[in-house]
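> Can you read through this structure? Questions will come right after.
The values are calculated or read from the model by the stated rules, or taken from the named source; none is laboratory data. The structure displayed is predicted, hence computed values, not measured ones. Every residue, glycine among them, receives a Cβ derived from its backbone with ideal geometry; neighbour counts consider all protein chains shown.
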Amino acid sequence: MIPVLDLRGRAPGVRELRGTLPRAELDVEAALATVRPVCDDVAARGAAAVLDASERFDGVRPDALRVPAGVVAAALHDLDPDVRAALDESIRRARIVHADQRRSDTTTTVVDGGTVTERWVPVDRVGLYVPGGRAVYPSSVVMNVVPALLAGVGSLAVASPPQKDHGGWPHPTILAACALLEVDEVWAMGGAQAVAAFAHGFDGEGDAQLEPVNLVTGPGNIWVAAAKRLLKGLIGIDAEAGPTEIAILADATADPDHVAADLISQAEHDPLAAAVLVTDSTDLADAVQAAVSRRVGETKHSDRVRESLTGRQSAVVLVDDVEVGLDVVNAYAAEHLEIHTADAAAVAARVRNAGAVFVGTWSPVSLGDYCAGSNHVLPTGGCATHSSGLSVQSFLRGIHVVEYTEAALRDVGSHVVTLARAEDLPAHGDAVLARLPDLA
């Protein structure tokens, strides 16, 4: 079922692997032409433009954009107790992990009387986007809100698309997750219009006014990614999220049924979802293909899964050994990478590029999606070679605070003047000489 890419007998380098390995096609640049007028309209007309876009793209025009507090509270009241217990545990574990990510200010004494302090300051206000397309993602509420709160963000708002089946409000389980985290500013808006609304804000009376944000985080579809690219600079963004990815590095010791189940678990997100198995065992590859074929017919979203697994973005990649397999997965830089090999922990320690690494057969990606304590908002499309997943650090800014005494400036002032003149910026040096003219 899954296409096969045979790299045996070869040791391709990074450049060749980048051109060879399967990847979902996601033309964000082309999508800009569609989202630009939507974003421009929101900038010009505010809430009215968001409502018009919701009616056009989501098929529903909510009675209001800001979800009333009573609707949020009712969603929590009506939440299935088992779902509430699971969300409570997800929140508890995420708080444990993310609390350890908080950073402390550091002061360095460069010379007597001269210090540089790095202060970590939270972003003033953030907009957290929670998708609402093929699935319901209360877990994304947890993954966005917990690190923002632990970073000390003072003002945050959640946006999720209005749902025709739920009175024009976001899905009740998403609202319930917001209530559990005591988020009281929730907006019924999705897509590019939500990103634009966060970036520009809009006028209204009382609760209907949306203040602009400084940073927008959270996954979304191609229109959300395109709007983030378009508005980056006016706002900060975490990433341009593409279709989800799972890569699995496995050898003959792996359980083929576990591997098949994990490939399918990510394939059910989206027909463009990527599922890649890298292995040096043809016996395992054959057994996984058989298990996948069996399981696809049994899973709820079988059509979606089948389209994902047979698409050009998915593959079984055959390699000579685990060493070459490591080169392949490091070049691929998957959003999620599972290691199913002998001595999996040692192999995982050699992974350089991945959004998150899941070690051994008892650490499936779905654990990380919900209850491992890790964050599931992760870089896609190979961006794990240079970017990280969402964390407390995503909501912090480092500010250098420089404090020198007169003596400390005098000690280095002549060097400042010399370097300023070397760069043909003499006024830079004059700023020192205005204080210490005897250095001229």
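> What residue, among those in the range 272-291 that are over 30 Å from ASP27 (Cα atoms) and β-branched (Val, Ile, Thr), is surrounded by the fewest Cβ atoms within 10 Å (Cβ to Cβ)?
If we take residues in the range 272-291 being over 30 Å from ASP27 (Cα atoms) and β-branched (Val, Ile, Thr), then THR282 is surrounded by the fewest Cβ atoms within 10 Å (Cβ to Cβ).
> Assess whether SER155 counts as being of a type in the set (Ser, Thr, Tyr) and surrounded by fewer than 24 Cβ atoms within 10 Å (Cβ to Cβ). If you could, list the steps in order and put the result at the bottom.
Details: of a type in the set (Ser, Thr, Tyr): yes; surrounded by fewer than 24 Cβ atoms within 10 Å (Cβ to Cβ): yes.
Judged against the criteria, SER155 is a match.
> OK, next. Regarding THR107, is this residue in contact with a Pro (Cβ under 9 Å, 6 or more places away or on another chain) and modelled with pLDDT of 95 or more? So that I can check it myself, show each step before the final result.
Details: in contact with a Pro (Cβ under 9 Å, 6 or more places away or on another chain): no; modelled with pLDDT of 95 or more: yes.
In short, no.
> For the range 316-330, name all the residues that are crowded, with 24+ Cβ neighbours inside 10 Å and assigned to a strand (DSSP E or B).
Hits for the range 316-330 are VAL316, VAL317.
> Here's another thing I want to ask about it. Here are the criteria: (1) touching a strand residue (DSSP E or B) at 6+ places or on another chain (Cβ under 9 Å); (2) at pLDDT 95 or above; (3) over 27 Å from ARG295 (Cβ atoms); (4) crowded, with 21+ Cβ neighbours inside 10 Å. Tell me which single one GLY220 does not satisfy.
Of the numbered conditions (1) touching a strand residue (DSSP E or B) at 6+ places or on another chain (Cβ under 9 Å); (2) at pLDDT 95 or above; (3) over 27 Å from ARG295 (Cβ atoms); (4) crowded, with 21+ Cβ neighbours inside 10 Å, the odd one out for GLY220 is (2).
> For the condition surrounded by 24 or more Cβ atoms within 10 Å (Cβ to Cβ), touching a strand residue (DSSP E or B) at 6+ places or on another chain (Cβ under 7 Å), at pLDDT 95 or above and of a type in the set (D, E, K, R), what is the one hit in GLU245, GLU211, GLU185?
Numbers: GLU211 fails: surrounded by 24 or more Cβ atoms within 10 Å (Cβ to Cβ); GLU185 fails: surrounded by 24 or more Cβ atoms within 10 Å (Cβ to Cβ).
After applying the criteria, what remains is GLU245.
> Which one of GLY190, GLY201 is surrounded by fewer than 24 Cβ atoms within 10 Å (Cβ to Cβ) and in contact with an Asp or Glu (Cβ under 7 Å, 6 or more places away or on another chain)?
Result of the check over GLY190, GLY201: GLY201.
> So the check is Cβ under 7 Å with 6+ separation or different chains; which pairs have a first residue in the range 267-292 that's in the same structural domain as ASP369 (by TED's automatic domain parsing) and over 18 Å from ARG306 (Cβ atoms) and a second one that's among the hydroxyl-bearing types (Ser, Thr, Tyr) and at pLDDT 95 or above?
Pairs found: ALA285/THR279.
> Which members of the range 5-17 meet the condition of being assigned to a helix (DSSP H, G or I) and either in contact (Cβ under 8 Å) with a residue 12 or more places away in the chain or among the hydrophobic types (A, V, I, L, M, F, W, C) (or both)? Write out each step before concluding.
To start, the set of residues in the range 5-17 that are assigned to a helix (DSSP H, G or I) comprises 14-17.
Listed by number, the residues that qualify are VAL14, LEU17.
> If you go through the range 18-69 one residue at a time, how many are charged (D, E, K, R), part of a loop (DSSP other than H, G, I, E, B) and under 25 Å from the mean Cα position of the chain (by Cα)?
Narrowing the range 18-69 to residues charged (D, E, K, R): 18, 23, 25, 27, 29, 36, 40-41, 45, 52, 55-56, 58, 61, 63, 66.
Next, only the ones that are part of a loop (DSSP other than H, G, I, E, B) stay: 23, 25, 27, 58, 61, 63.
Still in the running and under 25 Å from the mean Cα position of the chain (by Cα): 23, 25, 27, 58.
Number satisfying all stated conditions: 4.
> Can you tell me which residue among ALA192, ALA196, ALA177 is closer than 20 Å to ALA69 by Cβ and modelled with pLDDT of 95 or more? Full working, then the answer.
Numbers: ALA192 fails: closer than 20 Å to ALA69 by Cβ; ALA196 fails: closer than 20 Å to ALA69 by Cβ.
Answer to the selection: ALA177.
> Of the residues that sit in the range 67-94 and are in contact with a helix residue (DSSP H, G or I) (Cβ under 6 Å, 6 or more places away or on another chain) and among the β-branched types (Val, Ile, Thr), which one is surrounded by the most Cβ atoms within 10 Å (Cβ to Cβ)?
VAL72
> Conditions: (1) farther than 26 Å from PRO379 by Cα; (2) buried (at least 22 other Cβ atoms within 10 Å of the Cβ); (3) not small (Gly, Ala, Ser). ARG294 meets all but one. Number of the miss?
For ARG294, the failing item is (2).
> Please work out which one of (1) surrounded by fewer than 17 Cβ atoms within 10 Å (Cβ to Cβ); (2) in contact with a Cys (Cβ under 9 Å, 6 or more places away or on another chain); (3) not β-branched (Val, Ile, Thr) is the condition ALA333 fails and give its number.
Condition (1) is where ALA333 drops out.
> What residue, of ALA345, ALA349, ALA354, is modelled with pLDDT of 95 or more, more than 17 Å from ASP280 (Cα to Cα) and surrounded by 20 or more Cβ atoms within 10 Å (Cβ to Cβ)? Outline the logic, then answer.
Values: ALA345 fails: surrounded by 20 or more Cβ atoms within 10 Å (Cβ to Cβ); ALA349 fails: surrounded by 20 or more Cβ atoms within 10 Å (Cβ to Cβ).
Sole residue among the options that is modelled with pLDDT of 95 or more, more than 17 Å from ASP280 (Cα to Cα) and surrounded by 20 or more Cβ atoms within 10 Å (Cβ to Cβ): ALA354.
> Follow-up. List the helices (runs of 4 or more DSSP H) inside the range 356-440, counting only whole elements, that have at least 2 residues being polar (S, T, N, Q) and touching a strand residue (DSSP E or B) at 6+ places or on another chain (Cβ under 6 Å).
Working: elements: 365-370, 406-422, 426-433.
Filter on the range 356-440 gives an empty set.
> Right, THR244: within 30 Å of PRO81 (Cβ to Cβ) and either in the same structural domain as LEU284 (by TED's automatic domain parsing) or touching a residue at least 12 places away in the same chain (Cβ under 8 Å) (or both) or not? Outline the logic, then answer.
On the way: within 30 Å of PRO81 (Cβ to Cβ): yes; either in the same structural domain as LEU284 (by TED's automatic domain parsing) or touching a residue at least 12 places away in the same chain (Cβ under 8 Å) (or both): yes.
Here the answer is yes, as THR244 does meet what is asked.
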